[in-house]
Structure formats: C-alpha cells, structure tokens
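Visitor: Can you keep this structure in mind? I'll have questions shortly.
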Amino acid sequence: MARALSIDYGKKRTGIAVTDPLQLIASGLTTVNTYELVPFIENYLRNEEVSTIVIGEPKQMNGEPSELGDVIDAFAKALQEKYPSIEITRVDERFTSKMAFKTMIDSGLSKSKRRNKALVDEIAATIILQTFLDSKM
C-alpha cells in the first residue's frame with residue numbers, strides 16, 4: 001500500500017507529514033520553505049509511493065476561505081494536473097496550529113522549542129493527516 005502525505009501550506013513555511021505504507025500512523029516529516037515545496041514533493045514522489053496528498057484547507061471562523069485560499073486552491077489544482085494518479089483531497093485546517101502548540105506544551109517541550117514555528121507547522125501537518133485518516137474509519 002502507498003503512503004498518504006499531508007501539507008500544511010503557509011506563506012513562508014510548509015509543514016509536511018506522512019503515513020506509514022499501511023496508512024495507519026501519521027508522523028511529521030519536515031518543514032520546508034514554501035518556495036522549495038514543489039521540488040521537495042517531486043523528489044519525495046520519485047522515492048516513495050504515495051496514493052493520496054492531503055492539503056489543509058484554511059478557513060475563517062465563519063467558514064469562508066482564508067486569504068491564502070486561492071493560492072492553495074491553485075497549488076492543489078496544479079498538483080492534480082501533474083500527478084493525475086494521486087488523489088488530492090482537502091481537510092479543514094482550522095485550529096490545527098493551536099492544537100499543534102498545545103501538543104507541544106502537553107509533551108513537555110521547553111519554551112525555546114515551542115518557539116520553533118517550523119515544528120508547529122510540521123505538527124499541524126500531522127494533525128491534518130490524522131484527521132484524514134480518522135475520517136476514513
């Protein structure tokens with residue numbers, strides 16, 4: 001079975017998480033500068049079998065798309081065109097950054113490590129991916 005990969009797309013940084021090949025466990029993979037995202041994905045897909053890419057869908061509290069909504073929609077569409085055999089799906093990412101920060105506190109990370117925004121993005125991508133996995137059950 002192929003992995004699922006998730007993307008917490010941001011203006012500056014993008015968090016990335018993946019599942020194991022059986023798609024049972026979501027784990028943080030890395031955070032990349034957003035301008036390096038496409039080459040990173042291309043390289044990853046050359047080396048790993050991926051059946052699904054889950055992209056966080058940022059929404060405002062009222063359910064309207066956020067300011068990055070159009071950019072992320074275009075990114076998702078470009079991925080689907082380039083990789084038609086891979087399922088591209090979206091997951092509401094409201095509160096994932098707050099949940100990631102709370103996870104960091106609950107796991108006992110020091111204040112200095114909690115300031116690491118790249119780690120917050122990676123954990124948020126993991127939460128997005130776990131949400132996707134939970135929805136399949």
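The values are calculated or read from the model by the stated rules, or taken from the named source; none is laboratory data. If you're wondering where the values come from, they're calculated on a predicted model, not measured in any experiment. A quick note on method: Cβ atoms are made from the backbone with ideal geometry, for glycine too, and the neighbour counts reach across all protein chains shown.
Visitor: Within the set of pairs 6+ apart or on separate chains, which have a first residue in region 20-43 that is assigned to a helix (DSSP H, G or I) and modelled with pLDDT of 95 or more, a second that is surrounded by fewer than 17 Cβ atoms within 10 Å (Cβ to Cβ) and of a type in the set (A, V, I, L, M), and C-beta atoms under 9 Å apart?
Guide: Partner pairs satisfying both residue conditions: Val38/Ala78.
Visitor: Among the numbered conditions (1) among the aromatic types (Phe, Trp, Tyr); (2) buried (at least 22 other Cβ atoms within 10 Å of the Cβ); (3) more than 22 Å from Ser66 (Cβ to Cβ), tell me where Tyr44 comes up short.
Guide: Answer for Tyr44: the failing condition is (2).
Visitor: Looking only at residues that are of a type outside the set (Val, Ile, Thr) and assigned to a strand (DSSP E or B) in region 1-19, which one is nearest to Asp92 (Cα to Cα)?
Guide: We begin by selecting, within region 1-19, every residue of a type outside the set (Val, Ile, Thr); these are 1-6, 8-13, 15, 17.
Then keep just the ones that are assigned to a strand (DSSP E or B); that gives 3-6, 8, 13, 15, 17.
Details: Arg3: 20, Ala4: 17, Leu5: 15, Ser6: 12, Asp8: 11, Arg13: 18, Gly15: 15, Ala17: 16 Å.
Only one residue tops the list, namely Asp8.
Visitor: Now, a different point. Quick check: is even one residue across region 91-106 modelled with pLDDT of 75 or more and either under 18 Å from Thr31 (Cα atoms) or among the hydrophobic types (A, V, I, L, M, F, W, C) (or both)?
Guide: Yes, the conditions are met somewhere in region 91-106.
Visitor: For Ile7, are the conditions met, namely being β-branched (Val, Ile, Thr), in contact with a Ser or Thr (Cβ under 7 Å, 6 or more places away or on another chain) and surrounded by fewer than 17 Cβ atoms within 10 Å (Cβ to Cβ)?
Guide: no
Visitor: Return the total of residues in region 1-29 being under 25 Å from Val71 (Cα atoms) and among the small types (Gly, Ala, Ser).
Guide: 6
Visitor: Quick one: in region 120-137, which of the residues that are more than 12 Å from the chain's Cα centre (by Cα) and within 16 Å of Ser27 (Cβ to Cβ) is modelled with the lowest pLDDT?
Guide: Ranking the candidates gives Asp134 first.
Visitor: Out of the residues in region 44-85 that are charged (D, E, K, R) and modelled with pLDDT under 95, state the one that is farthest from Lys117 (Cα to Cα).
Guide: Glu64
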